[in-house]
1. Hey, could you check region 374-386 for residues that are over 18 Å from Asp32 (Cβ atoms) and either among the hydrophobic types (A, V, I, L, M, F, W, C) or touching a Gly at 6+ places or on another chain (Cβ under 6 Å) (or both) and say which is most open to solvent (accessible area, probe 1.4 Å)?
2. What are the residues in region 436-457 that are loosely packed, with under 15 Cβ neighbours inside 10 Å and outside any strand (DSSP E or B), if any?
3. For Val513, are the conditions met, namely being closer than 20 Å to Ile384 by Cβ, assigned to a strand (DSSP E or B), open to solvent by less than 70 Å² (accessible area, probe 1.4 Å) and among the aliphatic types (A, V, I, L, M)?
4. Quick one: Gly263 ticks every box in (1) at pLDDT 95 or above; (2) open to solvent by less than 40 Å² (accessible area, probe 1.4 Å) bar one, so which box is it?
5. For region 104-123, which positions are on the phi > 0 side of the Ramachandran plot and either open to solvent by less than 10 Å² (accessible area, probe 1.4 Å) or hydroxyl-bearing (Ser, Thr, Tyr) (or both)?
6. Looking only at region 83-107, filter to residues that are of a type in the set (Gly, Ala, Ser) and under 13 Å from Ser485 (Cα atoms); which one of those is modelled with the highest pLDDT?
7. Give the residues of region 86-144 that are within 14 Å of Gly57 (Cβ to Cβ) and small (Gly, Ala, Ser), sorted by residue number.
8. Kindly indicate which of Ala433, Ala493, Ala502 is among the hydrophobic types (A, V, I, L, M, F, W, C), touching an Asp or Glu at 6+ places or on another chain (Cβ under 8 Å), open to solvent by less than 10 Å² (accessible area, probe 1.4 Å) and within 30 Å of Glu92 (Cα to Cα).
Amino acid sequence: MVALIIALLTLPVCATAAPKPETYSNPILYADYSDPDVIRVGKSYYLVASSFHFSPGLPVLKSEDLVHWKIIANAVPKLTFAPEYDMPGPFELDDTKSKPVTGTKYASGIWAPSIRFHNGLFYIYFPTPDEGIFMITAKDPAGPWSKPVQVIAQAGLEDPCPFWDDDGNAYLIHGKKGAGPLILHRMSRDGTQVLDDGVVVAEDKDRLPVLEGPKLYKRNGWYYIFAPIGGVGTGPQAVGRAKNIYGPYEWRDVLLPTADIKGPHQGGYVETPSGQGWFVHFNSEGAFGRIDHLQPVKWVDDWPVMGDDGKPVSRHAMPDTGTHSDYRLQDSDEFGAAQLGLQWAWNHNPDTAKWSLTERPGWLRLKAGEAQSLTTAHNTLTQILQGPAMQTIVRLDISHMTDGQRAGVSLFGVKPVWIGVVREKGVSRIVYASAGVETPGPEITGQTVQLRAEALPDQTGRFAYSLDGKTFIPFGESLPLSQFSWWKGSRPALFTFNKNGANGAVDIDWVHVTHEAK
């Protein structure tokens, strides 16, 4: 086996005693880890994904077997690239529409990243579409990560990937917003700046339509560009190869769409210690976002052959990684820790003065800011939606709510739907809302309420409430969830805001998540 040009570091492995399964099923991550990239360092695997306008951003996942994953970091703690990441307004957006996004950064933020390991450091490169290409480093992928360094200060760039060649020379390949062409730069050996204006190494609107997401590798004397074509929702994975890093590149489609998997593309290639090749890619799945699949890769005449002779596999023998883990994505939370769990991300940067885990230990306190819609409210706390079904139950103490305040749980996206509590004229009521239209329900006389939001395999959402903590009463319509919201899928979200001013608070005791439709 001729290894990829990726340095390896031996790390301790915490494998479980559970028996290793013989096969796995796709998707390996039924969750919106869009634009994934993956590397192996020692015996561990690390995956990064785009996070757009959610903060903290740039999740880092770890696996020992390429199938079971857990979150170990959010590499960018705050989106500091422009003032609009704080959602200052003024707004033209509300809960009835997806744009214009004036006063916000919806659909901006951290786009497709790449992760590499070089000379004892982990590197992540990522673009923000309006500000440029950035780089961060860490000795430990769990962090801390360095502050972002701006490698290229130019709007309209996307999908960067660094590469260090055998002679130590460094390069950076990237695309342009709007998909294509692919541009290759010489880069300083420390990876902090490009050294030239770049050279176009791939552009063919007929053969390579909507060319984006490049990953650059070297194997057996060949340079390879792995890149998706055809658009986010459809199209194959293409690979170009050349003997010279600047080309010319010869291209083949190596993973083809099927009736069920229409866009099996954009991702990262990795090899196990035994030499097996694997490709992690996304496929767009509507309200669940772009979920991740794992394809076996074999090499024939120095070309990668992915899946089952170019078709995505639904089930396959487990990767030969030499170990197995029972990692899983974090979800439920009792709010008993000193910090929020790694599964949580705010919609835009939060107002740090308006949330706390310490004012009432064991509870998350959200203080209402003034807003006229959930879409423009600060401090909406979200986590990734996991399929094919996800049930989120939240216990709220509403005794500190004030007139005009709303608080509850949403399946958040464009034209958000939610169930919650609204207080008006001293009375608290259960309310269901869809695309800004609120439907009032029964009055609440107690101090606590439980709310339930479910995302079902048919990508519809349904909601219920319980006043006694035992019996849940369905409320509101069962409607299709937003299919694609500013480049992301729907997300379970905790929120509060007040239409009458920055007054009131809600305390959240816990969030319990299950993955079975009730």
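1. His378
2. Hits for region 436-457 are Thr445, Gly446, Gln447, Pro457.
3. yes
4. That leaves (1) as the condition not met.
5. Result: Gly109, single match.
6. Looking at the filtered set, the residue picked out is Ala107.
7. Ala107, Ser108, Gly109, Ala112, Gly143
8. Ala433
The values are calculated or read from the model by the stated rules, or taken from the named source; none is laboratory data. What you see is a predicted model, and the numbers here were worked out from it, not measured in a lab. Because the Cβ atoms are built from the backbone with ideal geometry, glycine has one as well, and the counts that use them run over all protein chains shown. Each accessible area value is taken on the protein alone, full model and side chains, heavy atoms only, with ligands, DNA and RNA left out. Shrake-Rupley method; radii C 1.70, N 1.55, O 1.52, S 1.80 Å.
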